[in-house]
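Below is one structure, written out as structure tokens, with a few remarks after it.
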Amino acid sequence: MRCAIMQPTYLPWSGFFDLIDSVDVFVFLDNVKLEKSSWHVRNQIKSAQGAMMLTVPVSTPNGRLETMINETKLSTKPWQKKHLKSLVTNYSKAPFFNEVYPVVETILQQPFDNLAQLNITLIKTLCKQLSITTPLVTASEMESITGVKDERLVSICQQLDANHYLSPVGAADYIEKNTKGGALTKANIKLSYQRYQAPIYPQLYGEFVSHLSIFDALFNCGFTNTLKLIRENSDRSELI
């Protein structure tokens, strides 16, 4: 069984959904430390001036270096209205605005206790709209997870009876740090790295900008065509 594990990010890019769509079970790693300047709290959309960052203001009750993602509190400031206004301003003329906007509007209008709940709800809702049916598990709801970094990944895989781990390319730095394949290979778990090319599609405002939030593709292409784009740009030959 193939497994992927990833920290829940805000308005993720399409590659996040390729990772979910490529495996038999996906785990939200929400009980690890927040990286405040990372994609945990922000992502980019496109404006007439180019890429535009949307950032969720948060507070860290245990201090910036010790607060987990699922402990990170959302600001009481009306940031949701600002984000929704930015989406309306920049995508109201996009072909699939009326299909996509009500989905994100409904989510951002909900009260959430913490950042993990917000991000996971967004991702789960988009998976449903995209018809991605991979079972989704939240790490903080699992029992007896041990270790850090790649050892933690092994612990999760073993609890799920997963014998094949699909990793984002960016995680290679700590997986491969000491030995080839790290703790995963030592535990006889097959390791593969995601092979995904960011898709090119019709986009507003002139020259194409890559690696934006998936919402850019959704507003321009719709849910059905965005799933096609994801699958057409994913090389899953190593996963067969």
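The values are calculated or read from the model by the stated rules, or taken from the named source; none is laboratory data. Just so it is clear, the structure is predicted and the values come from calculations on it, not from any experiment. We place every Cβ from the backbone using ideal geometry, glycine too, and count neighbours over all the protein chains shown. Just the protein is used for accessible areas: all its heavy atoms, side chains included, with ligands, DNA and RNA removed. Shrake-Rupley method; radii C 1.70, N 1.55, O 1.52, S 1.80 Å.
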(message) Please list, ordered by chain and number, the residues whose modelled amide H lies under 5 Å from the amide H of ARG42; skip anything fewer than 5 residues away on the same chain.
(response) TYR10, VAL56
(message) Within 13 Å, Cβ to Cβ, of ALA187, how many net charges do the neighbouring residues add up to if Lys/Arg are +1 and Asp/Glu are -1?
(response) 0
(message) Set the bar at 19 Å for Cα to Cα. Now go through LYS77/LYS124; LYS36/LYS77; LYS93/LYS124 and name every pair that lies beyond it.
(response) LYS77/LYS124; LYS93/LYS124
(request) Count neighbours as other Cβ atoms within 10 Å of each site's Cβ, and list the trypsin sites (Lys or Arg not before Pro) in region 1-100 that are DSSP loop with at most 15 such neighbours. (result) LYS36, ARG64, LYS93
(request) Note down the nm distance, to one decimal, between modelled labels 7 Å out along Cα→Cβ at TYR174 and at ARG195. (result) 2.6 nm
(request) Output the relative contact order of region 7-69, whole-number percent, from Cα pairs under 8 angstrom with separation of 6+ residues. (result) 37 percent
(message) Explain nothing, just compute: Karplus ³J(HN,Hα) = 6.51 cos²θ - 1.76 cosθ + 1.60, θ = phi - 60°, for every residue of region 134-144 in order, whole Hz, x for Gly and Pro.
(response) 4, x, 10, 10, 9, 4, 5, 9, 8, 9, 6
(request) Return the sequence-ordered ³J(HN,Hα) values of region 92-108 in whole Hz as given by the Karplus equation 6.51 cos²θ - 1.76 cosθ + 1.60 applied to θ = phi - 60°, using x for Gly and Pro. (result) 4, 9, 6, x, 10, 4, 5, 7, 9, 4, x, 5, 6, 4, 4, 5, 5
(request) Could you order MET1, MET142, MET68 so the one with the most accessible surface comes first? Probe is 1.4 Å. (result) MET1, MET68, MET142
(message) Output needed: percent of Cα pairs per 5 Å distance bin for the chain, bins running from 0 to the one holding the longest distance.
(response) 1, 6, 14, 17, 19, 17, 13, 8, 4, 1, 0
(request) Return the whole-Å distance between the Cα centroid of region 200-224 and the Cα centroid of region 78-127. (result) 16 Å
(request) Report, to the nearest whole %, how much of the accessible area of region 48-191 belongs to carbon and sulfur atoms, 1.4 Å probe, protein only. (result) 49 percent
(request) Mind pulling the angle between the C-alpha long axis of helix 115-130 and the longest principal axis of the chain? Nearest 10 degrees, somewhere in 0 to 90. (result) 80 degrees
(message) Between SER140 and HIS211, what is the label-point separation in nm under the 7 Å Cα-to-beta-carbon projection?
(response) 2.8 nm
(request) Rounded to the nearest 0.05, what FRET efficiency do MET53 and ASP235 give with R0 = 35 Å and r taken as the Cβ-Cβ distance? Could you check? (result) 0.75
(request) Report, ordered by chain and residue number, the lysines lying within cross-link reach of LYS180, taken as a straight Cα distance under 23 Å and ignoring same-chain residues fewer than 8 apart. (result) LYS149, LYS190
(request) Extending each Cα 7 Å along its Cβ direction at ASP113 and LEU204, get the distance between those two points in nm, one decimal. (result) 3.6 nm
(request) Using only protein heavy atoms and a 1.4 Å probe, report how much of TRP13 is accessible, in Å² to the nearest 10. (result) 80 Å²
(message) Whole-Hz ³J(HN,Hα) for each residue in region 35-46, computed from phi via Karplus 6.51 cos²θ - 1.76 cosθ + 1.60 with θ = phi - 60°, x for glycine and proline: what do you get?
(response) 10, 5, 9, 9, 6, 4, 10, 7, 6, 10, 10, 10
(message) List the residues, sorted by chain then number, that are 5 or more residues from HIS164 or on another chain and whose placed amide H is less than 5 Å from its amide H.
(response) CYS3, LYS190
(request) Tell me which residues come under 5 Å, amide H to amide H, from MET68 once H is placed; ignore anything under 5 positions away on its chain. (result) LEU34
(request) Could you provide, to the nearest whole Å², the per residue accessible area of region 1-146 with probe 1.4 Å? (result) 47 Å²
(request) Check each of the GluC sites (Glu not before Pro) in region 72-162 and keep only those in coil by DSSP with at most 16 other C-beta atoms within 10 angstrom; list them in order. (result) GLU143
(request) Starting from the residue with the highest accessible area, list THR179, THR224 in decreasing order, probe 1.4 Å. (result) THR224, THR179
